[in-house]
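Visitor: One structure, pasted below without further comment.
The values are calculated or read from the model by the stated rules, or taken from the named source; none is laboratory data. This is a predicted model, so every value here is computed, not measured. Here Cβ is always computed from backbone atoms with ideal geometry, including for glycine, and neighbour counts include all displayed protein chains. Ligands, DNA and RNA are stripped out before the accessible areas are found, and what is left, the full protein with its side chains, is counted by its heavy atoms. Shrake-Rupley method; radii C 1.70, N 1.55, O 1.52, S 1.80 Å.
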Amino acid sequence: MSESEWTKILGWPGYRVYRSEINEEAKTVRLWVRRKRGNRKLECSGCGRRIHEIAEVYEREVRDLPCFEYRTTVVIELYRLRCPECGIKAEKVALLPSKAPFSKRFEEAVGQACESAAVRRVARQFGLAASTVRAIDLRYLQRWAQGRRRPALRQLWFGRERKKETLDEFFEKHLSAFQRSAIRAACVDMWEPFRQSLEQWVPECRIIYDKFHILQHASQAVDEVRRAEFFRKGGAARDLVRGKRWLLLTSWLNLDRGKRRQLNALFALNRRILKAYLLKESLSQLWNYTYEGAMLRYLQSWIDQLRWQRLKPMEKLARMLLDHLEGILNYCRTKVPMGVIEAVNGNIKALLRRGRGYRDMNYLLLKAQRLAATKTEFLVLQKAVVCIVFQILVQRRIYGLLQ
């Protein structure tokens, strides 16, 4: 194959192949490239200014995308420039964004692979060490973060612990006094340190409790009833209760005909589990109201259904709802797209599970930003790294603030 044909296959703008070498045994392709005659724009890698004086010519070997089943290595001819400000500096080449021995498009291919696969799997795919893949992925995300457009006041921020001091740090160091004064509402779970920090730093802020967090407590109450009935019943009745946990935690609308038949058999045997399940399902209707008086009446009627039922976990749930009544009613005053918050939570969980933990918080932050921006997938979050997720309403527009 001629050098001109290799130049077309390589596709490096401004460069031509002047020598090639193929090793059939090792399955490798080696290409030597240099600038085309018309490509004389030289920039200093330090200050970025155009330089005409060349101090030295040298070669640099980088790995590029594979050519079919052949691993491709490019030996590129580069210049060291004599910059009046920086001294002797290597030229700036857009195809080589870092000092690592990889081309830009190779690093982009590795970074894109890391968006949907674990680092070790990507390392096996490209024949690299896992630490090398993480370094490439971090550089890829940093370049993406520098080039993307950010809307005003929309951030992702992580803290290590679910403490008041963690949220205090966010308000003190990452928001100005003017930004804090513009916050109108915040959506949080019912963790007491969050409420204390919000009341200290943004006293005019309206606290809204997360719908999905409350429904999670309702599901836990149903599970407690199931466990109590499992130990109370005996024989065949106990066998029927066993293994129904996930069915009871799933919404009735999301169950197929076979699963509904199983639940109906359980409900026919045990009325307490039926009542607990119906109470859990009906509680989700609370957030359909737009008038707080109607929401309050519905909640009161829901609590009235607990009389004489002897469902201790549900009674405990009712007391918790009354203790946080103001934050629940605030949803009528300020509508919050809670599904967006849970979707981002799910993205972060997927990253934690796929990466089996992260030591570099900045790396995790970039991964979460990239996943949220590309909307790759929405999965579920673990309590491995503390993520305070809340949303604020600033000047009648909603912005997500994720810690």
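Visitor: Quick check on this structure: which one of Q262, Q200 is in contact with an Asp or Glu (Cβ under 9 Å, 6 or more places away or on another chain), free of Cβ contacts under 8 Å to residues at least 60 places away in the same chain, assigned to a helix (DSSP H, G or I) and open to solvent by 70 Å² or more (accessible area, probe 1.4 Å)?
Guide: Q200
Visitor: Scanning segment 7-29 for residues that are closer than 26 Å to R80 by Cβ and more than 39 Å from the chain's Cα centre (by Cα), which turns out most open to solvent (accessible area, probe 1.4 Å)?
Guide: Of everything passing the filter in segment 7-29, R19 is most open to solvent (accessible area, probe 1.4 Å).
Visitor: Looking for whichever is free of Cβ contacts under 8 Å to residues at least 12 places away in the same chain, farther than 21 Å from I136 by Cβ and not hydroxyl-bearing (S, T, Y) here; the options are R50, R30, R19, R35. Which one fits?
Guide: On inspection, the qualifying residue turns out to be R50.
Visitor: Among the residues of segment 324-340, are any in contact (Cβ under 8 Å) with a residue 24 or more places away in the chain and within 30 Å of V122 (Cα to Cα)?
Guide: For segment 324-340, residues in contact (Cβ under 8 Å) with a residue 24 or more places away in the chain and within 30 Å of V122 (Cα to Cα): present.
Visitor: When you go through (1) under 30 Å from the mean Cα position of the chain (by Cα); (2) closer than 21 Å to R184 by Cα; (3) charged (D, E, K, R) one by one for E292, which number turns out not to apply?
Guide: (1)
Visitor: Something else: Identify the single condition in (1) open to solvent by 30 Å² or more (accessible area, probe 1.4 Å); (2) assigned to a helix (DSSP H, G or I) that D137 does not satisfy, given that it satisfies every other one.
Guide: That leaves (1) as the condition not met.
Visitor: Hey, any hits in segment 290-299 for a residue that's open to solvent by 30 Å² or more (accessible area, probe 1.4 Å) and either farther than 24 Å from Y209 by Cα or small (G, A, S) (or both)?
Guide: no
Visitor: Pick out the one residue from T132, T166 that is surrounded by 15 or more Cβ atoms within 10 Å (Cβ to Cβ), assigned to a helix (DSSP H, G or I) and touching a residue at least 60 places away in the same chain (Cβ under 8 Å). Please lay out each step first, then the result.
Guide: Working: T132 fails: touching a residue at least 60 places away in the same chain (Cβ under 8 Å).
Of T132, T166, the one residue that is surrounded by 15 or more Cβ atoms within 10 Å (Cβ to Cβ), assigned to a helix (DSSP H, G or I) and touching a residue at least 60 places away in the same chain (Cβ under 8 Å) is T166.
Visitor: OK, next. Can you name every residue in segment 313-331 that is open to solvent by less than 20 Å² (accessible area, probe 1.4 Å) and not β-branched (V, I, T)?
Guide: Answer for segment 313-331, where residues must be open to solvent by less than 20 Å² (accessible area, probe 1.4 Å) and not β-branched (V, I, T): M314, L317, A318, L321, G327, L329, N330.
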